[in-house]
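In what follows, a structure is listed as structure tokens, so that the remarks can point back to it.
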Amino acid sequence: MSVLKVRGLTLGYNRTDAVKGIDLDVAEGAVVSLIGANGAGKTTTLRGLSGLLKARAGSVLFQGAEMAGQPAYKITRAGVIQVPEGRQVFANMTIEENLRMGAYLVQDKAEIARRRVGVLERFPRLGERLQQLAGLLSGGEQQMLAIGRALMADPKLLLLDEPSMGLAPLFIEEIFAIIRALKVEGRTILLVEQNAQAALEVSDHAYVLESGRIKLQGPATEIASNPEVIAAYLGAA
Amino acid sequence: MFAQILQQLPQQLLNGLVLGSTYALFALGFTLMFGVLGVINLTYGFYFTTAAFLALYGSKLLALPIWLALPGAALLAGLIAVLLDAILLTPLRRKKAPELSSLMVTLGATLLLYSLMTATFGTEIRRLPPAIISHAAIMLGGVRMNLSQILIVVTTVLIVAALLAVIRFTRFGLSMRSMAENGEAAELMGVNTDAVVRLVSFISGALGGTAGVLIGLNFNAIQPYMGETMMLKGFAVIIIGGLGDIKGALIAGLVIGVLEVLTAGFISSDIKDAVGFILLVATLWFRPVGLFGRAPAKRA
């Protein structure tokens, strides 16, 4: 059963279309990855799904409701939560305040407190410095804060945009361990990654994006053993 | 000589505090707009003028007392601010236009709006009817003040306290702060940024309007370009206080008001208007982030 059903989604900037009518499905509880080269349209796709970029054509059904054309805050309200490229934590706010922002739409204080406990258990490092400004954290810590902040919203669908980008190898491992853990807990995730190998390892299903079009799709293991994918994205190992 | 200065000092300090309060109030709206919406909106001075005129006509034609004319004019100025933002800046925001374009658009609009005002009302100085507020002097421990001065200080204190409390303790405050930091991320958290833009425009316009009525009351001189003169000072205040810094604007406004009055009182009133700008140049020279600003917390 697909939670997310994208049909013919077209997105672009100015006069050019960066994403040209793609179809994409994410099943409940699955981790689906979207891989491809720089400039293939991966980030544009996620921005379109979260409403930061208005769709030019096509449909985005989330749990049966049309999201295309909706403003970002309404899509967030529906439970589609994006961890944006480059983290985008609130640099001059404390870690505590960043987490509070994640639960912006939640009014119930007890519920916010409950989620906060969960996030801090997952990321003890954040709990050690709740009053520190987020901008002073290292890149890896900021990524954890960005994921923690998204979890404060209890996402029905989590969109992760290049979570491993620019991080030290140790942090990259940690990020993928977190994604694996979230998957075990039953979270539905759409993952955009340049690190195709690591992404395919945690995914159930994968799409390969090339110049704004879906070039290949299938079970992650199948994609990982596709000779073209190996040559283009995994390095001929 | 010294004895004389000492004798006059409390009175001058009070006058400075009154003037500084209006500067602070005016700068607060301007810095809030810049901080949260990220635009330098040059029409801001127009809300100041408009509210003063609204209060003038409200008191003349409808015989409104100040406690009705002030909030009424401030609310209307707030609504005008929302309207102007929707017409001028919302389309630019949608297109993600560069900052310079909002500066140019509001500059053009400002010129037009002031010209229309001058064409309608002329440039002569108008006065509020005396009946709008009692002008009787009140003596308090050797310091002389009147009701309008008390009104100015009390209004400023109440508004600033309310604004700081809203920013600090409410969900709306959280949404404003997150937008000031990163509008896109705020949207992803579920903040209805369009609604926040409207509300912030309204608050800013109302703050500028309140300052306009209070200055009109204090100097009893209302004319279309009063907002322009105030804008120059407002710029000095918000840059000295640190762009987007609410507490900074408050303190800088008070300091400039007090220094101006002291300069006029003890040195020469000819150079009183230079005080703010000398302070501005010094700030840009030594502390470009503003007196109270801190460098943004960002790692490379």
Item checked: Failed condition for A:GLN197, given (1) within 14 Å of chain B (Cβ to nearest Cβ); (2) in contact with a helix residue (DSSP H, G or I) (Cβ under 9 Å, 6 or more places away or on another chain); (3) open to solvent by 70 Å² or more (accessible area, probe 1.4 Å) -> (1)
Notebook entry, point to check: Of these, B:LEU243, B:LEU291, B:LEU254, which one is away from chain A (no Cβ under 14 Å) and open to solvent by 70 Å² or more (accessible area, probe 1.4 Å)?
Noted result: B:LEU291
Margin query: Please go through (1) open to solvent by 30 Å² or more (accessible area, probe 1.4 Å); (2) among the hydroxyl-bearing types (Ser, Thr, Tyr); (3) in contact with a strand residue (DSSP E or B) (Cβ under 6 Å, 6 or more places away or on another chain) for A:THR45 and return the number of the only condition it doesn't satisfy.
Written below: (1)
Next item on the list: Would you mention how many residues in region B:91-123 are free of Cβ contacts under 8 Å to residues at least 24 places away in the same chain and among the hydrophobic types (A, V, I, L, M, F, W, C)?
Entry: 9
Note to self: I'd like to know if region B:4-12 contains one or more residues that are open to solvent by less than 50 Å² (accessible area, probe 1.4 Å) and touching a strand residue (DSSP E or B) at 6+ places or on another chain (Cβ under 8 Å).
What the structure shows: yes
Item checked: Answer residue from region A:84-103, given it is over 20 Å from the mean Cα position of the chain (by Cα) and among the acidic types (Asp, Glu) and is nearest to the other protein chains (Cβ to nearest Cβ) among those -> A:GLU97
Checklist line | Scope region B:161-188; condition open to solvent by 50 Å² or more (accessible area, probe 1.4 Å), facing chain A (nearest Cβ under 7 Å) and over 22 Å from A:GLY48 (Cβ atoms); matching residues | finding: B:ARG177, B:GLU181
Check: So is B:ALA274 without any contact (Cβ under 8 Å) to a residue 12 or more places away in the chain and surrounded by 17 or more Cβ atoms within 10 Å (Cβ to Cβ) or not?
Finding: no
Note to self: If a residue must be crowded, with 16+ Cβ neighbours inside 10 Å and modelled with pLDDT of 90 or more, how many such residues does region A:179-194 contain?
What the structure shows: 10
Note to self: For region A:118-129: of the residues being surrounded by 11 or more Cβ atoms within 10 Å (Cβ to Cβ) and more than 22 Å from the chain's Cα centre (by Cα), which is farthest from A:ALA177 (Cα to Cα)?
What the structure shows: A:ARG129
Notebook entry, point to check: Which is of a type outside the set (Val, Ile, Thr), at pLDDT 90 or above and touching a Gly at 6+ places or on another chain (Cβ under 9 Å), of B:LEU112, B:LEU128, B:LEU76, B:LEU89?
Noted result: B:LEU76
Checklist line | Candidates B:GLY108, B:GLY72, B:GLY38, B:GLY58, filtered to the one that is small (Gly, Ala, Ser), over 23 Å from B:GLY257 (Cβ atoms) and surrounded by 22 or more Cβ atoms within 10 Å (Cβ to Cβ) | finding: B:GLY58
Next item on the list: Would you check if A:ILE81 is within 10 Å of chain B (Cβ to nearest Cβ) and in a strand (DSSP E or B)?
Entry: yes
Notebook entry, point to check: So B:VAL191 fits all but one of (1) assigned to a helix (DSSP H, G or I); (2) of a type outside the set (Phe, Trp, Tyr); (3) within 14 Å of chain A (Cβ to nearest Cβ); what number is the exception?
Noted result: (1)
Next item on the list: Just need a number here: residues in region A:130-150 that are within 13 Å of chain B (Cβ to nearest Cβ) and open to solvent by 10 Å² or more (accessible area, probe 1.4 Å).
Entry: 8
Notebook entry, point to check: Does B:LEU174 satisfy being aliphatic (A, V, I, L, M), touching a helix residue (DSSP H, G or I) at 6+ places or on another chain (Cβ under 9 Å), farther than 25 Å from B:ALA52 by Cα and outside any helix (DSSP H, G or I)?
Noted result: no
Check: Is it fair to say A:LYS74 is within 14 Å of chain B (Cβ to nearest Cβ), at pLDDT 95 or above and open to solvent by 40 Å² or more (accessible area, probe 1.4 Å)?
Finding: yes
Checklist line | region B:154-171, subset over 21 Å from the mean Cα position of the chain (by Cα) and part of a helix (DSSP H, G or I), residue nearest to B:ASP194 (Cα to Cα) | finding: B:ARG171
Check: So how many residues does region A:104-123 have that are out of contact with any Asp or Glu (no Cβ under 7 Å at 6 or more places or on another chain) and more than 12 Å from chain B (Cβ to nearest Cβ)?
Finding: 13
Note to self: Looking only at helices (runs of 4 or more DSSP H) that lie completely in region A:109-185, which have at least 2 residues being of a type in the set (A, V, I, L, M, F, W, C)?
What the structure shows: A:109-122, A:139-151, A:169-184
Item checked: Sole residue being surrounded by 22 or more Cβ atoms within 10 Å (Cβ to Cβ) and either within 22 Å of B:ALA52 (Cα to Cα) or touching a residue at least 60 places away in the same chain (Cβ under 8 Å) (or both), chosen from B:GLY205, B:GLY265 -> B:GLY205
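The values are calculated or read from the model by the stated rules, or taken from the named source; none is laboratory data. Values in this document were obtained by computation on a predicted structure and should not be read as measured data. All Cβ positions, even for glycine, are placed from backbone atoms using ideal geometry, and neighbour counts span all protein chains on display. Note: areas computed on protein heavy atoms with side chains; ligands, DNA, RNA excluded. Shrake-Rupley method; radii C 1.70, N 1.55, O 1.52, S 1.80 Å.
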